[in-house]
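Colleague: Below is a structure I'd like to ask you about.
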């Protein structure tokens, strides 16, 4: 005869303890105390089989192990040891997560420093061979100055406007740098690329065949490419945003590059 603990009986029959007690009452059965620990309520395997037959409940393929003579005090001590081990593991996990966060912040700071160097304002020395020109808007046509007003003196300019930059690298790849968000992770000609360009009104392109500045008027879908060469501003139409692929920008940069006087 095998004794099965109350909790195991509930698991085998798929019921809760209250339902088990109700079934035992209707079947005129009762729990049996374990011989070494009277506090443990058990049923015999025969009683479990009888209850399963009465209520058409399938049993698991194998019966659970017989109830051992482990006392409640020993079980409590085991639970406390397990809780202490879990607490230790949680503390180690927290320390690991903290170290990982510090490492990530360190690398992020290094990356931000590199990106800040890439978008330095005009007049500073180039920080890297990755970007071969400064990211300013000096190639765009200069608008006519507003008429002077005696009541409102003209504001003092504090510096040149930094444009979004698309630049080629010596490896043939392209980096996309936003003045406010830093280096962007999406690839050229991707859906994210065109969505980003749709939010801009101007940007600068440093390609393998040449360079250009691009802009469009407020509310206008078409872009214009500009480059100032020896005091003369050359400009060409680029089309709408969906035409601004890397190949098209490289082609237009090469066209503007051809206006450079031969040496």
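Colleague: When segment 197-206 is examined, which residues are found to be assigned to a loop (DSSP other than H, G, I, E, B) and either more than 32 Å from the chain's Cα centre (by Cα) or surrounded by fewer than 16 Cβ atoms within 10 Å (Cβ to Cβ) (or both)?
Modeller: Passing the criteria: 199, 201.
Colleague: Can I ask one more? Would you confirm, using the coordinates I've provided, whether residue 226 is closer than 30 Å to residue 109 by Cα and surrounded by 17 or more Cβ atoms within 10 Å (Cβ to Cβ)?
Modeller: Answer is no for this residue.
Colleague: Now a separate question. State which residue is nearest to residue 51 (Cα to Cα) when the search covers only segment 1-40 and only residues that are modelled with pLDDT of 90 or more, out of contact with any strand residue (DSSP E or B) (no Cβ under 7 Å at 6 or more places or on another chain) and not in a helix (DSSP H, G or I).
Modeller: Looking at the filtered set, the residue picked out is 27.
Colleague: Confirm whether residue 245 is surrounded by fewer than 17 Cβ atoms within 10 Å (Cβ to Cβ) and at pLDDT 95 or above.
Modeller: Numbers: surrounded by fewer than 17 Cβ atoms within 10 Å (Cβ to Cβ): yes; at pLDDT 95 or above: yes.
For residue 245, the condition - surrounded by fewer than 17 Cβ atoms within 10 Å (Cβ to Cβ) and at pLDDT 95 or above - is met.
Colleague: Further question: Can you confirm whether residue 209 is surrounded by fewer than 18 Cβ atoms within 10 Å (Cβ to Cβ), assigned to a helix (DSSP H, G or I) and touching a residue at least 40 places away in the same chain (Cβ under 8 Å)?
Modeller: Against the criterion (surrounded by fewer than 18 Cβ atoms within 10 Å (Cβ to Cβ), assigned to a helix (DSSP H, G or I) and touching a residue at least 40 places away in the same chain (Cβ under 8 Å)), residue 209 does not qualify.
Colleague: One residue is enough: does segment 108-123 have a residue meeting the conditions at pLDDT 90 or above and loosely packed, with under 15 Cβ neighbours inside 10 Å? Please lay out each step first, then the result.
Modeller: From segment 108-123, those at pLDDT 90 or above are none; that's our starting set.
Taking every residue of segment 108-123 in turn, none turns out to be at pLDDT 90 or above and loosely packed, with under 15 Cβ neighbours inside 10 Å.
Colleague: Take segment 170-188 and flag every residue that is part of a loop (DSSP other than H, G, I, E, B), at pLDDT below 90 and surrounded by 10 or more Cβ atoms within 10 Å (Cβ to Cβ).
Modeller: 179, 181
Colleague: Can we say residue 252 is in contact (Cβ under 8 Å) with a residue 24 or more places away in the chain, more than 24 Å from residue 117 (Cβ to Cβ) and crowded, with 16+ Cβ neighbours inside 10 Å?
Modeller: Considered against the rule, which asks whether it is in contact (Cβ under 8 Å) with a residue 24 or more places away in the chain, more than 24 Å from residue 117 (Cβ to Cβ) and crowded, with 16+ Cβ neighbours inside 10 Å, residue 252 comes out as yes.
Colleague: May I pose another question? On the given criteria, is residue 150 over 24 Å from residue 250 (Cβ atoms) and at pLDDT below 90? Explain how you work it out, then say what you get.
Modeller: On the way: over 24 Å from residue 250 (Cβ atoms): yes; at pLDDT below 90: yes.
When the stated conditions are applied, residue 150 passes them.
Colleague: Got a number for residues in segment 8-32 being under 26 Å from residue 74 (Cα atoms), without any contact (Cβ under 8 Å) to a residue 24 or more places away in the chain and surrounded by 13 or more Cβ atoms within 10 Å (Cβ to Cβ)?
Modeller: 1
The values are calculated or read from the model by the stated rules, or taken from the named source; none is laboratory data. What you see is a predicted model, and the numbers here were worked out from it, not measured in a lab. When we count neighbours, we look across all protein chains shown, and the Cβ atoms used for this are built from the backbone with ideal geometry, even at glycine.
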